[in-house]
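*Asks:* I have a structure here, written as C-alpha cells, and I will follow up with some questions on it.
The values are calculated or read from the model by the stated rules, or taken from the named source; none is laboratory data. Since we're looking at a predicted model, the values are computed, not measured. Neighbour counts are summed over all protein chains in view; Cβ atoms, including those assigned to glycine, are modelled from backbone coordinates with ideal geometry.
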Amino acid sequence: MPTLRKSFIIHKDSLSVLDELSSEQAGLLFKAMKAYQNDEEIELDSLTKIIFSPFKAQFDRDNEKYKKIVERNKNNGLKGGRPKTEANPENPDKPSGLSGNPENPSKADSVSKNDSKNDSKSDSDSKKIKPLLPVSNHSFDLFKYWCDVMGKSISTSKLTPKREKAIKARLKEGYTIEQIKSAIDGCRNDPFSMGQNDRQKPFNDIELICRTGEKVESFLAGHIAKQGDINSISTNFDAPEDWNNE
C-alpha cells in the first residue's frame, strides 16, 4: 500500500522477533518492509511471510490514518480553513484543534505534524499487537514443537515447502495437533529413529514423521506404548523402504 509519505514507523516492541531470527532471515524481513513500502514485488518464503504479517498490518493501519488526515485537511481547506469568528455559520473543523482564531494566525498545520500525532496513537495501538508468530499457523506451531523436541535451532532450521506440505496434508486428513505432537514425541523416544541403527543415521525429520497417515499413527502408537497406556505395541520399528531414500 504505497503512499506519498517519506517515512514509516517500526515500533520498538515489534523488534523482539529479531532475537529469534538468523542474520539472513532478519535481512530478508527488512527487505520485505522496503519492498512493501515502495510497492515492489519480492518473493518470500513461508516463514518470512508469517513474521512480516504483523508489520504489514501496522503499516496498513498507519497509512489508513494518514489518508484520513490528508482528506480532513483537504476538506477544511475547501471550507476556508479556520473560522474567522465564532459566529461563522459553517464553522469548519479546526485542523490544529485551537479553540479560537489567534490574533496573528499561522498557517494551517502541515500533514507531517498531524502525522506525528497519528504516530503517537499508533504507539498505543501497537501495544495490543503481539509481535509473535500468529497462533493460527498450525504448521509453524508443529514445526517449532519438533525443533524443541529434537533440540534443533529455530534460527537455522527451515520450514521448507516440503515439510509444510506434509504437515498440512496430515492436518487436512483430520489428525489433530496433539496427535502429531505425540507422534513427534514417539519418534524422539525411538532409538532407531534417533540414529541407533545399522546406518548410524537418524530418521526423525518432521517431513518423514508426517509423510503419511500411517507414519503418524506408528509413531503415535510408539508414544502411547512409552507412556504405558498400552503394552502390545513395540517401538522397535524396522526402517520402511522409503526411509532408504532419506
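*Asks:* All but one of (1) within 30 Å of THR48 (Cβ to Cβ); (2) under 30 Å from the mean Cα position of the chain (by Cα) hold for LEU220; which doesn't?
*Replies:* All conditions are met except number (1).
*Asks:* Is one or more of the residues making up the range 170-191 among the polar types (S, T, N, Q), modelled with pLDDT of 90 or more and in a loop (DSSP other than H, G, I, E, B)?
*Replies:* First, the residues of the range 170-191 that are among the polar types (S, T, N, Q): 176, 179, 182, 189.
Restricting the remaining residues to those that are modelled with pLDDT of 90 or more gives 176, 179, 182, 189.
If we keep only those that are in a loop (DSSP other than H, G, I, E, B) as well, we get 176, 189.
Yes, the range 170-191 contains a residue that is among the polar types (S, T, N, Q), modelled with pLDDT of 90 or more and in a loop (DSSP other than H, G, I, E, B).
*Asks:* Something else now. Report whether or not PRO191 is surrounded by fewer than 19 Cβ atoms within 10 Å (Cβ to Cβ), farther than 15 Å from ASN204 by Cα and either more than 23 Å from the chain's Cα centre (by Cα) or not assigned by TED's automatic domain parsing to the domain that holds SER16 (or both). Spell out the reasoning first.
*Replies:* Values: surrounded by fewer than 19 Cβ atoms within 10 Å (Cβ to Cβ): yes; farther than 15 Å from ASN204 by Cα: no; either more than 23 Å from the chain's Cα centre (by Cα) or not assigned by TED's automatic domain parsing to the domain that holds SER16 (or both): yes.
Criteria not met by PRO191.
*Asks:* So which residues in the range 5-22 are assigned to a helix (DSSP H, G or I) and either in contact with a Pro (Cβ under 8 Å, 6 or more places away or on another chain) or of a type in the set (D, E, K, R) (or both), if there are any at all?
*Replies:* In the first step, residues of the range 5-22 are kept if they are assigned to a helix (DSSP H, G or I); the result is 12-20.
Across the range 5-22, the qualifying residues are LYS12, ASP13, SER14, LEU15, SER16, VAL17, ASP19, GLU20.
*Asks:* Out of all the residues in the range 172-182, which are out of contact with any Cys (no Cβ under 8 Å at 6 or more places or on another chain) and farther than 11 Å from LYS226 by Cβ? Please lay out each step first, then the result.
*Replies:* From the range 172-182, those out of contact with any Cys (no Cβ under 8 Å at 6 or more places or on another chain) are 172-179, 181-182; that's our starting set.
Once the filter is applied, which keeps residues that are out of contact with any Cys (no Cβ under 8 Å at 6 or more places or on another chain) and farther than 11 Å from LYS226 by Cβ, the range 172-182 yields LYS172, GLU173, GLY174, TYR175, THR176, ILE177, GLU178, GLN179, LYS181.
*Asks:* Which residues, taken from the range 208-217, are touching a helix residue (DSSP H, G or I) at 6+ places or on another chain (Cβ under 9 Å) and either surrounded by fewer than 18 Cβ atoms within 10 Å (Cβ to Cβ) or more than 22 Å from GLY151 (Cα to Cα) (or both)? Step through it out loud before you land on a result.
*Replies:* Residues of the range 208-217 that are touching a helix residue (DSSP H, G or I) at 6+ places or on another chain (Cβ under 9 Å), as a first pass: 208-213, 215-217.
Scanning the range 208-217 gives THR212, GLY213, GLU217.
*Asks:* Also, quick follow-up: Write out, first by first residue and then by second, each pair whose Cβ atoms fall under 6 Å of each other, whose residues are 6+ apart or on separate chains, and whose first residue, in the range 213-238, is under 16 Å from ARG188 (Cβ atoms) and assigned by TED's automatic domain parsing to the domain that holds TRP146 while the second is surrounded by fewer than 16 Cβ atoms within 10 Å (Cβ to Cβ) and modelled with pLDDT under 65.
*Replies:* ALA221/ILE233; ILE224/ILE230; ALA225/ILE233
*Asks:* State whether the residues of the range 193-206 include one that is under 17 Å from TYR145 (Cβ atoms), assigned to a loop (DSSP other than H, G, I, E, B), acidic (Asp, Glu) and touching a residue at least 24 places away in the same chain (Cβ under 8 Å). Quick ask: steps written out before the conclusion?
*Replies:* Let us first name the residues in the range 193-206 that are under 17 Å from TYR145 (Cβ atoms), namely 193-194, 204-206.
Then keep just the ones that are assigned to a loop (DSSP other than H, G, I, E, B); that gives 193-194, 204-205.
Of the ones still in play, those that are also acidic (Asp, Glu) are 205.
Next, from what is left, pick out any that are touching a residue at least 24 places away in the same chain (Cβ under 8 Å): 205.
Yes: the range 193-206 contains one or more residues that are under 17 Å from TYR145 (Cβ atoms), assigned to a loop (DSSP other than H, G, I, E, B), acidic (Asp, Glu) and touching a residue at least 24 places away in the same chain (Cβ under 8 Å).
*Asks:* Report the residue count in the range 49-77 for those that are aliphatic (A, V, I, L, M) and closer than 20 Å to PHE140 by Cβ. Don't jump to the end; show me each part of the working.
*Replies:* Filtering the range 49-77 down to residues aliphatic (A, V, I, L, M) leaves 50-51, 57, 69-70.
Now drop any that are not closer than 20 Å to PHE140 by Cβ, which leaves 50-51, 57.
Final tally of qualifying residues: 3.
*Asks:* Another question, then. Cβ contacts < 6 Å: first residue in contact (Cβ under 8 Å) with a residue 24 or more places away in the chain and loosely packed, with under 14 Cβ neighbours inside 10 Å, restricted to the range 46-71; second residue among the basic types (Lys, Arg) and outside any helix (DSSP H, G or I), any location; separation 6+ or different chain. Result?
*Replies:* none
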